[in-house]
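The values are calculated or read from the model by the stated rules, or taken from the named source; none is laboratory data. The model shown is predicted, which means the values in this text are computed figures rather than measured ones. Please note: Cβ atoms are built from the backbone with ideal geometry, for glycine as well, and neighbour counts cover all protein chains shown. Surface accessibility is based on the protein's heavy atoms, side chains included, excluding ligands, DNA and RNA. Shrake-Rupley method; radii C 1.70, N 1.55, O 1.52, S 1.80 Å.
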Amino acid sequence: MNDCLFCKINRKQIPSSIAYEDEKLFAFHDINPQAPVHILIVPKIHIAKIYDTNQSHSSLLAHMIFIANKLAQEKEIDQGGYRLVLNCNADGGQSVDHIHLHLLGGRVMKWPPG
Ligand code: 5GP
Ligand code: ZN
């Protein structure tokens, strides 16, 4: 997707603060952090929203969670706790149409979320 923001970040056409990268995904610090730790875990393939995923994406989706756990440990929020968020479509609060898992931590999270 030529004009997708996160595809552009993946192609290094837009700079980002990379926290992790492998052949399947990359993770970078959110430009507008909502917590002391706010990292986006993003597949390298373009998938617009989580609703578009199916059984064929199972291992990729699991990998996103495992990498989020690894980053939580690296950032030392694993014991205190953290939140993983997938926003889908407008009412879900999705603003970038390329799936991304938010890793949020370093402060006490509120429930229910806004
Ligand atoms: P969403 O609202 O779609 O769930 O999350 C999109 C996230 O991407 C937001 O938290 C927003 O701050 C972040 N974001 C938007 N544009 C950029 C950018 O150019 N660089 C980085 N690092 N994050 C971005
Ligand atoms: Zn994309």
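Here's the yes/no breakdown for (1) open to solvent by 80 Å² or more (accessible area, probe 1.4 Å); (2) over 12 Å from the mean Cα position of the chain (by Cα); (3) without any contact (Cβ under 8 Å) to a residue 40 or more places away in the chain; (4) more than 10 Å from ligand 1 (Cβ to nearest atom):
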{"residue": "Asn2", "(1), (2), (3), (4)": "yes, yes, yes, yes"}
{"residue": "His38", "(1), (2), (3), (4)": "no, no, no, no"}
{"residue": "Ser56", "(1), (2), (3), (4)": "yes, yes, yes, yes"}
{"residue": "Ile67", "(1), (2), (3), (4)": "no, no, no, yes"}
{"residue": "Gln94", "(1), (2), (3), (4)": "no, no, no, no"}
When segment 14-36 is checked residue by residue, the ones that are surrounded by fewer than 17 Cβ atoms within 10 Å (Cβ to Cβ) and outside any strand (DSSP E or B) are Ile14, Pro15, Ser17, Asp22, Glu23, Lys24, Ile31, Asn32, Pro33, Gln34, Pro36
The correct count of residues that are more than 8 Å from ligand 1 (Cβ to nearest atom), within 22 Å of Arg83 (Cα to Cα) and among the acidic types (Asp, Glu) in segment 14-36 is 1
For Asp97, are the conditions met, namely being outside any loop (DSSP other than H, G, I, E, B) and among the charged types (D, E, K, R)? no
Taking segment 4-13 and keeping only residues that are near ligand 1 (Cβ under 8 Å from one of its atoms) and open to solvent by 50 Å² or more (accessible area, probe 1.4 Å), one is left with Leu5
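Here is a yes/no grid of residues against (1) among the aromatic types (Phe, Trp, Tyr); (2) in contact with a strand residue (DSSP E or B) (Cβ under 9 Å, 6 or more places away or on another chain); (3) closer than 22 Å to Glu23 by Cβ:
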residue	(1), (2), (3)
Thr53	no, no, yes
Ser58	no, no, yes
Ala68	no, yes, yes
Gln73	no, no, yes
Asp78	no, yes, no
Arg83	no, yes, no
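Return a yes/no flag: does segment 74-86 have any residue that is within 16 Å of ligand 2 (Cβ to nearest atom) and either aliphatic (A, V, I, L, M) or under 12 Å from the mean Cα position of the chain (by Cα) (or both). Break it down into steps so the answer makes sense when it comes.
Going through segment 74-86, the residues within 16 Å of ligand 2 (Cβ to nearest atom) turn out to be 86.
Cutting the leftovers down to either aliphatic (A, V, I, L, M) or under 12 Å from the mean Cα position of the chain (by Cα) (or both) gives us 86.
Yes; the residues of segment 74-86 include at least one that is within 16 Å of ligand 2 (Cβ to nearest atom) and either aliphatic (A, V, I, L, M) or under 12 Å from the mean Cα position of the chain (by Cα) (or both).
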Residue count, segment 40-54, condition surrounded by 13 or more Cβ atoms within 10 Å (Cβ to Cβ) and in a loop (DSSP other than H, G, I, E, B), comes to 7
